[in-house]
Amino acid sequence: MRANSLALRLFLSATAWAVVILLITGVVLSSLYRQAVERAFDRRLGVYLRTLVADVASPDEAGGKFPQPLGEPLCEMPLSGWYWQVTRLDPGKTDVRASRSLWDGSLPHLQDYGIAAGPNGSREGYGPGPEEQRLRLVERNIDLGDEGHYLVAVAGDAAEIADEVRSFDQALVITFSILAAVLLLTTMFQVRFGLAPLKRISDSLAAIRSGSAERLAGKFPEEIAPLARETNALIEANKEIVERARTHVGNLAHALKTPLSVMVNEATARGDDPFAAKVLEQADIMRDQVARHLERAHLAARLTVVGSVTDVAPVVTALARTMEKIHRDKNVAIEVHCDEQARFRGERPDLEEMIGNLVDNACKWASSRVAIEVGRERPDVASERQVVHIVVDDDGRGLSTSEREQVAKRGQRLDETKPGSGLGLSIVVELASLYGGGLTLHAAPLGGLRAELVLPAG
């Protein structure tokens, strides 16, 4: 997928949303699991808390210990992370009893941290313990009236909660990573499958442009079908316009030919009259111009509808041999360096006329050498359109900047001693512009003139 393609945009947007959704889902699931682990841990602590509350509310009248041991071995091991503590809160009668595991430390009071009691009267929360331990605490206030007011607390090592949550998060990351990979592959398939009709339309338009098809054929999805219908309607409307233009051009040519024939007949009848000779001369020029413009109109009509593709190498090679024969009196050597893969998106006769005019002009002005180079390139890095680059150099006297600007104009000739009408380069410029290309003139490395012709590649 290319950087600026629609497929890449759809893929990235779908991927971004999938990643965001997975991240949010992961955070929510991790939070819910942590809450579930905390509730299970609190239920465990609650069992110990209720046992302590029962011992405090009903002390052993036989003089036993107050309160009784919980039966949890960890509460007997010093700094094990599992503790209990009973604190008497009556003024002047402060008494604190704790598990052996607490050693000489004490548990924090959650009420001092602003934690409110729940519906069952208990408080749950986190607090610091001995040896910088992080504890999960559950505590409850017990009011026994005359027998005293007590705060009963039970605490467990919060590392157990953290370990459980960490294990779950690791499994969640692995699972979501696999799911993300599957979603990416699925998204890529969906994008390619969904955009396949657009690729078909693109291929069909390329076939129409190359002349192998005349309209978009086949069935398209309901969202794309209107585009195909409107494109076919546009092609048909374009053909109708072109046909009307051809008809008008033909009518104009016919209308001009009749008066020209009358003028030629009348001039011919006058014999050796100089005025008649001038009329015949101008009539011939007018006939050539009418034929040429009629041909150009037909060319423009062809370009408007469809085009063909022409291999450049055979054309250049044949023209080089022909021009060497035509200009054999000057003994001009023509060198050809051509990319065999270069193809011109247009008609072969038009390519022959453009290159023929350039090579013929170079041979007229060259001293002994003409070089032709053909290659393919892109105008710039961002452009997807490939072009054919044709360079014709000669070793003649060359032209100044002002002269190069002048010779490209219709009918302009710098040397009347050279044969020609002065239309050669202007015809090249006109034809190249019709195809969306162009002609530029520079000083050649050989010492003469360099003509650079840029045309669309097929």
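Assorted remarks:
- Among the criteria (1) assigned to a helix (DSSP H, G or I); (2) under 30 Å from L453 (Cα atoms); (3) modelled with pLDDT under 75, the one T317 does not fulfil is (3).
- Matching residues, the range 99-127, being surrounded by 18 or more Cβ atoms within 10 Å (Cβ to Cβ) and among the aliphatic types (A, V, I, L, M): L102, L107, L110
- Residue, modelled with the lowest pLDDT, within the range 146-204, restricted to residues that are small (G, A, S) and within 30 Å of V47 (Cα to Cα): G148
- Among all positions in the range 106-122, there is at least one residue which is small (G, A, S), within 14 Å of V152 (Cβ to Cβ) and within 60 Å of the chain's Cα centre (by Cα).
- Among the residues of the range 257-280, the ones that are assigned to a helix (DSSP H, G or I) and surrounded by 11 or more Cβ atoms within 10 Å (Cβ to Cβ) come to 15 in all.
- Meets criteria (at pLDDT 90 or above and in contact with a Phe, Trp or Tyr (Cβ under 7 Å, 6 or more places away or on another chain)) for V388: yes
- Test for V96: is it of a type in the set (A, V, I, L, M) and surrounded by fewer than 14 Cβ atoms within 10 Å (Cβ to Cβ): yes
- In the set (1) surrounded by 17 or more Cβ atoms within 10 Å (Cβ to Cβ); (2) under 20 Å from Y48 (Cα atoms); (3) not small (G, A, S), E164 fails one condition alone, (2).
- Neighbours by Cβ (under 9 Å, 6+ apart or cross-chain): first from the range 26-43, under 13 Å from D169 (Cα atoms) and exposed (fewer than 13 other Cβ atoms within 10 Å of the Cβ); second aromatic (F, W, Y) and modelled with pLDDT under 95: none
- Scanning the range 321-355 for residues being in a helix (DSSP H, G or I) and crowded, with 19+ Cβ neighbours inside 10 Å gives a total of 5.
- Within the range 139-179, the residues that satisfy the criterion of being part of a helix (DSSP H, G or I) and touching a strand residue (DSSP E or B) at 6+ places or on another chain (Cβ under 9 Å) are A159, E160, I161, A162.
The values are calculated or read from the model by the stated rules, or taken from the named source; none is laboratory data. None of these values were measured; they are calculated from a predicted model. Using ideal geometry, Cβ is built from the backbone for each residue, glycine included, and neighbour counts are taken over all protein chains shown.
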